[in-house]
Structure formats: C-alpha cells, structure tokens
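Taken together, the values in this text are just the output of simple stated rules run on the coordinates, not laboratory data. For clarity, every value in this text was computed on a predicted model and none was experimentally measured. Note that we place each Cβ from the backbone using ideal geometry, even for glycine, and neighbour counts take in every protein chain shown.
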Amino acid sequence: MDLLGSALAVSAIIFSLGVAGVLLRRNAIIVFMSIELMLNAVNLSFIALAQQLGPEGQVFVLFVMAVAAAEAVVGLAIIIAIYRHKQTVNLDKINLLSG
Amino acid sequence: MGMAIDVTTPGGFVLALLPELVLTCWMLVLLVAVAWRHRDEGDQQMAGQLALMGLVSTLLVVLWMWVKGAYPETLTGMIALDGFRYATSAIFLIGAILVVMLSLGYLGRERILVPEYYVLVMLAAIGMLFMASGADLIVIFLGLELMSMAIYVLAGIDRRSAFSAEAAVKYFLLGAFASGFFLYGIALLYGATGTTNLTQMHYQIVTLGLETNLMLLAGIGMLLIGFGFKVAAVPFHMWVPDVYDGAPTPITAYMAAAVKAAAFTALIRVLLHALGASDAVWMEIILWLSVITMIVGNLIALAQTHLKRMLAYSSIGHAGYILAALASGSERGAAAFLFYILAYTLMTLGSFAILAAVGTRGERDVRIDDLSGLASRRPWMALAMTVFMLSLLGFPGTAGFIGKWLVLSAVVSADQIVLAVLLVIASMVSAGYYLPVVMAMYMKSAPSEDAHSGSGLIGAARWVVGIAAVLLLLLGVWPNRVLDMAADGAEGLRPAPTRILTD
C-alpha cells in the first residue's frame, strides 16, 4: 500500500477510535479527549492529502488546531462549571434534564 | 446591473466583507465597554443597547449591499456575494436583534449580571454571517465554530443554575462531536476534488466525472451527519430537548431560530452550489431525513405537557419541513427555505418571548395548562400567542401558511408526491399540540384569582412580541414583496452544469 493510502487508513482508524470513545465512555473529560482525537485524525488526513493536492490542506490544519485550542478552553470551563454544581463529571449522573 | 466588487484588491475585499467587519468592530467596542463597566444592571442595559446599535447598523449595511446588488468580478472567491447571502444575513440579524431586545428585560428579572452576554450574542451573529457568506469550506467551518462556541457559553450563562450548566455540557459535547464529523467530511471532499472552494469543487466534479466517486460520497455522508446534529434532524436530535429546556429562554429562542437557520443556510449552499452534480445521491438521503424528522418531532411533541419542551420538539418538526424544501434540490426549494426561515424566526422568537413572560417562577415549569384563562387576564398576550401558534401550525392568513405552501409547491414540482402527503399529515398532527395552547388560553378559566398577576412582558419584549405578531399577519395576507425578494435571493445558487471554469 502506498504512503497516502496507509496515512488515510490510519486516520480513519484513529477517527473511529475517537467516535467509539465518545459513545462508550461516560467521563466528560475522556469524552472530550476522544473528540480531540477525532479532530487530530482529520488533521492527519488533511496533511496526507495536501502532499498531493497542494497547500490548501495544510492551511486548513492550522485553522483546525486553532479551533481545537479554543474549543478546549470553552469546553473545560463548561466542565468545571458543571463540576461545581454536581461534584462529578460522570455523564450518567448529569441527568437533571431527562431526555 | 449591480455593483461589481473586485475581491483581489484590498478595497474590494473590505467591501465584500463589510457586514462582518462592521459587526466585528461593534463587538470589539462592546467588549472594551463591558470590561470597563460591568458592575450593575445599568451597565448591562448600556451593553445591550450598544449591541442593539451594532446589530441594526450591520443590518443596514447588509440591506445596502443587497439593494446595490453587489456581485463579484471573479467566479471563485472565498466570499460569496449573492442574494442568498444578503437574504440569510438579514434574517440572522433580525433574529439577533429580537433576542437582544428580549434579553434586556429578561436578564434583569432573572438577576443574571453578565454584560459579556451581549458580546457573545454578537460573536455568534458574526459566525452566522460568515456561514452565510462562505463560498469556501474553510470559511464555513470557521463561521460554524465561532457561532457554536459562543452558543456553548451562552447556554450555560446562568452560573447559579445547574440546569443551565447541564445544558451547556450536553450541547458542547454533542456540538464538538458533530464538528468532528463535519470536518472529516470536508477532508474527504477535499481529497476527492482537490479543493475546498465550493465553485471549483462543482467544476471538478463535473469535468472529472466524480459524481459517484466513493471518497466524495463518504464525504457527503460525513458532512450530512455533522449538519444533521446542527440542524437537529432525527436521528441526531437527542440533545435538543434537554439543551433547549435548560438554557435561558432568550438563548433557547436564539438556538431554535437563528442558529438552526445558519446551519441550514450553509447546508443549502454546500449541497446546491458545490455538490449539485451529485444531487441524485443527497436528495434521497435528505428526503428520508425529512420524513423521519417530521414524523418523530411531531409525534413526541404531542406527548409533552410542558410548554418549553413542546416548543423544542416542535422545532424538530419544523427542521423536517425545511429539509423537505431542500429535498426538492431546486432553487425554488431554496426560495421556499428563505421565506420559511423568516416566518419561522419571527414565530419562534415570539412564542419564546411569551413563554419568558408567563414563566416568572421559572419557565422550565410552565405547563400548557398553566396558560388557562390567560385570555381574560392578559388579552393582548393571549392574542399574540394565538397568532404564533396558528402560524407554527400553518393556518391560512399567517406567514406560516405561506411558508408551508411554498415548501409544498417546491416538493410537488420535484415530483415527490409521497413527501408532500406526509408533510400535510405531519402538519395536521401538529394541530394536536398547538391548538391545546390556544384552547387553554381561551376556553379554560384561570385556576385562581391571582393566576397571571405576575406575568407580563417587560420593556422591549413587548416590542418583540408586537413586531413578530404584526409581521406574521402582514406576511400572511400580503406576502408578494417578500416572495419576490426570496426568489431573488435564491437565484443563481445552483451553478449552470455546463459552464466552463474561467480562471
């Protein structure tokens, strides 16, 4: 398998691991880490594709990293806010609003 | 003809981004103002009024560009200059203006003292404007993230409320999860076509014959999952009731109206403009999404006893109707969408304004039965709520009817008769939860003497309800002018399939 193909395959596997982490884990911090894993898997795809398709993909990766950093700031602040109310970050115990 | 803008020159670029720049400048001014004065309710009122001025002046800039008919000299810029952008931008700004007016009294009553609130509302509006103006997936992605992040914070802005914090956590985790899918979809589309520019993507697909390329199809699928979460289509809707329920009511209205409209706007531009050549694939998916969204949203709404949750589920049903317009895959459908979201923004904001007014002891707890006898105590409020409910239902004489009729005619002209029939049935089912609200207000007597003594519209919220109700009736009986504007806004959204790339 060529380099591009294997890079895309690895990226798809990491992305799936991230999705599995979001769906299976109940700790808000770990769910958030899984989401970061998804974003970085996509970054790997962009970089691999940019090797053939020109610099647009690399530019995109820089934007994604900036967005992910901003998302971490907002997300961790929100998780701290819920911890102050509930003394836990377990998503199964955060259930005042029953869906 | 209109005003040609050469986006390759700095001056032209500034002109092309004028609404975004104006709003950003106002936002920065407001940020400095609230960093300087943020001690009491008076400072917060000042922040709200500054935000209002910023949003109104941006709306004027957008309308000016639309009247001037600004269009780009080159085909493949990152910023779209077309009627669709101006029309949707104007609708988002109207939504944001009404939300700020609603918040002026609400924040004071609930004793929420956070003047940054208005900065975040404006930041979200800037994100929406970028989603409307993005002709490149990078711009659309950044606009989406800017909007979403401001809304995550706004959902949890009431720091004393555990409900608000819980809504923020749920919205944040699912929103970021959806962004991951959205981004992966972009990466796959980029991999298949070699570009993130929507116009170039269309020509690449046509010239290279990529209509059913596997990577492109996977990209479309991922993109639709991401958008599905943002527009709250079934089966990606499970966050909606909880988040709408827990967030402060003006923010719920903002999420249900403007945020959803912005996500739909970007979705329509991507599907019609960039992926129009593969429409056979996505029209089928959108059709089924629309069908299950209409059915599930309306059926669960029937079972709700609390007004806020009922409105949350009804907004899912409305996402289904808008998806039906999109399933027609035509500019006619896009025009129907434009009219529909204008009406939808007005009726949603109006009904949430009434909810905030009657929910003086916490709007989460307002049951539909609690509205009993409102008509005798607060006749004008009950009348306005009746207008909103009938418009949401799609009753003739209101803007909601014209909107649904436009969607229906777009669906029928695309020969999707089954979808049209389901849409009518879903609308009839929705009478089962809109009409009980009207019945409670007019046909039941108030449970006690002082039942509605505390409820009342505060300050500018009165204007929100008044403007929304009058506009809905006006658009219901005299829609011609706005219909022309909607048709104008949707024109040229689908690029001609045969045109050759010129640069």
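Structure notes:
- Axis of helix B:480-490 versus longest Cα principal axis of chain B: the two differ by about 40°, to the nearest ten degrees.
- With 5 Å bins from 0: P(r) over segment A:4-70, alpha-carbon pairs, percent: 4, 20, 23, 21, 18, 9, 4, 1
- Net charge of Cβ neighbours under 15 Å - reference B:Gly228; Lys, Arg +1; Asp, Glu -1: +1
- The residue among B:Leu60, B:Met389, B:Leu457 whose Cα reaches farthest toward the positive pole of the charge dipole of segment B:4-502, with charges on the beta-carbon of Lys, Arg, Asp and Glu, is B:Leu457.
- Prolate/oblate/rounded label for segment B:252-363 (Cα gyration tensor, a/c 1.5): prolate
- Each peptide in B:85-97, B:154-166 receives the mean, over its residues, of other Cβ atoms within 10 Å, and ordering these scores from highest gives B:85-97, B:154-166.
- From most to least packed by mean Cβ count within 10 Å, the peptides A:39-45, B:36-42, B:5-11 give A:39-45, B:5-11, B:36-42.
- For chain B, the longest principal axis of the C-alpha atoms and the axis of helix B:18-36 are separated by about 40°.
- Volume per residue for segment B:1-113 equals 100 cubic angstrom (convex hull of Cα atoms).
- Debye, to nearest 20: dipole size of segment A:7-99, +1 on Lys, Arg Cβ, -1 on Asp, Glu Cβ: 440
- For B:Lys308, a cut-off of 15 angstrom between C-alpha atoms picks up these aspartates and glutamates, skipping any fewer than 8 places away in its own chain: B:Asp242, B:Asp245, B:Glu363, B:Asp365, B:Asp369, B:Asp370.
- Helical contribution to [θ] at 222 nm, DSSP H n ≥ 4, -39,500 (n - 2.57), averaged over chain A, rounded to 500: -28500 deg cm²/dmol
- With coordinates expressed along the principal axes, the C-alpha atoms belonging to the protein assembly as shown extend over 78, 56, 47 Å, beginning with the largest.
- Net charge contributed by nearby residues that have their C-beta within less than 15 Å of A:Val73 (K/R +1, D/E -1): -4
- Exercise: per-residue mean of other protein chain Cβ atoms within 10 Å, A:85-95: 2
- Using the alpha-carbon positions of chain B, Rg (one decimal) and Dmax (whole number) come out as 21.8, 74 Å.
- For segment B:122-278: Kirkwood Rh in Å [reciprocal of mean 1/r, alpha carbons]: 15.8
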